[in-house]
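A.B. asks: Here it is, the structure, as structure tokens.
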Amino acid sequence: MKDSEGNVRPAYNPKTDYEDVVTNEEGILAGINTSLGTGTYYLREKAAPNGYKKLAEDLCFTIGKDGTVTINNTGYANWLSKDTSVPGIVSYQIAIENTPLGITIRKTDEKGNALPGAKFTLCMSNGSFMPVNEYNLTDGVIDLTDSAEKTFTGMANGIYWLMETDAPGGYVILTREVYFKVSDGTLTLTDNHGEAKTYTGVELKDDNTTIEVMNIPGTPLPSTGGSGTKMFTVMGILLIMGAGFLLGRRYITVHD
């Protein structure tokens, strides 16, 4: 269909019987062929194969009155090939390319500058969260000692758990876990059940393919239990006991 200015654009509703076309085991969309008839069509990828990105835009192609096929998207023309090996028959094939989903873990300071020197542990939910040993990781350890980021290409669908185990020198470690979900080529920050959630100091960047974890300068607070803590604890107990004694005296006085 066309808009008010005469520009071709997708119809509001999918073509009947083509709402959910799925590739077969050979990766072929059997229902998409020249039997569609003459016209311009938009093919929208609803879900990418596991570990791959969805197409950023609809694939627009035209079937001409003479049976020729053309791709109208800039940059996608090389997806179209023509076969004339059978005499008297011309066949066309569109090979749609999906790129592997690259998920990046990036460490920055409070101003967004790259910050090497951290370590993380990455786990994936499989009934329970277990360390990831794919993507060149061992026991889920992401070592950013000499870099500020690491990219995982072709990361599978699922819910993941990320925890900072070592912060760069002079920075406060992130003391809480971060969960995220990879699903059909998209990345979302979530809770441990996969429901959307936001985290202070953690953001999605680069078209939602990068998890950016921020550290702030400082040192961890000293552990509790030292002599100073004991003194405050004892004083607190004495104050509570004194308050109880005064309340007890007040109670007795009123009833006398």
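A.B. asks: Taking the conditions exactly as written (of a type outside the set (A, V, I, L, M) and in a loop (DSSP other than H, G, I, E, B)), does residue 78 satisfy them or not?
C.D. replies: Working: of a type outside the set (A, V, I, L, M): yes; in a loop (DSSP other than H, G, I, E, B): no.
It is false that residue 78 is of a type outside the set (A, V, I, L, M) and in a loop (DSSP other than H, G, I, E, B).
A.B. asks: Within the range 44-68, can you find the residues that are crowded, with 17+ Cβ neighbours inside 10 Å and not in a loop (DSSP other than H, G, I, E, B)?
C.D. replies: Selection gives 52, 59, 60, 61, 63.
A.B. asks: Another question about this same structure. For residue 111, work out the one condition from (1) assigned by TED's automatic domain parsing to the domain that holds residue 157; (2) touching an Asp or Glu at 6+ places or on another chain (Cβ under 7 Å); (3) among the charged types (D, E, K, R) it doesn't fulfil.
C.D. replies: The number of the failed condition is (2).
A.B. asks: Do we find a residue being among the aliphatic types (A, V, I, L, M) and in contact with a Lys or Arg (Cβ under 7 Å, 6 or more places away or on another chain) anywhere in the range 124-142?
C.D. replies: At the first step, the residues of the range 124-142 found to be among the aliphatic types (A, V, I, L, M) are 124, 130, 132, 137, 141-142.
After this cut, where a residue has to be in contact with a Lys or Arg (Cβ under 7 Å, 6 or more places away or on another chain) as well, the list is 141-142.
Yes: the range 124-142 contains one or more residues that are among the aliphatic types (A, V, I, L, M) and in contact with a Lys or Arg (Cβ under 7 Å, 6 or more places away or on another chain).
A.B. asks: Let me ask another. For a quick check of your reading of the model, give me the residue pairs whose first member lies in the range 153-180 and is assigned by TED's automatic domain parsing to the domain that holds residue 107, whose second is among the acidic types (Asp, Glu), with beta-carbon atoms closer than 6 Å and at least 6 apart or on different chains.
C.D. replies: 161/177; 163/177; 173/164; 174/164; 179/191
A.B. asks: So, one more: Given (1) within 27 Å of residue 216 (Cβ to Cβ); (2) in contact with a strand residue (DSSP E or B) (Cβ under 8 Å, 6 or more places away or on another chain), where does residue 111 come up short, assuming only one miss?
C.D. replies: Unmet for residue 111, out of (1) within 27 Å of residue 216 (Cβ to Cβ); (2) in contact with a strand residue (DSSP E or B) (Cβ under 8 Å, 6 or more places away or on another chain): (2).
A.B. asks: Taking the condition surrounded by 14 or more Cβ atoms within 10 Å (Cβ to Cβ) and of a type in the set (A, V, I, L, M, F, W, C), does residue 196 pass?
C.D. replies: no
A.B. asks: Filter the range 74-118 down to residues that are farther than 17 Å from residue 34 by Cβ, touching a Phe, Trp or Tyr at 6+ places or on another chain (Cβ under 8 Å) and without any contact (Cβ under 8 Å) to a residue 24 or more places away in the chain, then give me how many there are.
C.D. replies: 1
The values are calculated or read from the model by the stated rules, or taken from the named source; none is laboratory data. Keep in mind the model is a prediction, meaning the values are calculated, not measured. For neighbour counting, all protein chains shown are included, and Cβ atoms are generated from backbone atoms with ideal geometry for every residue, glycine included.
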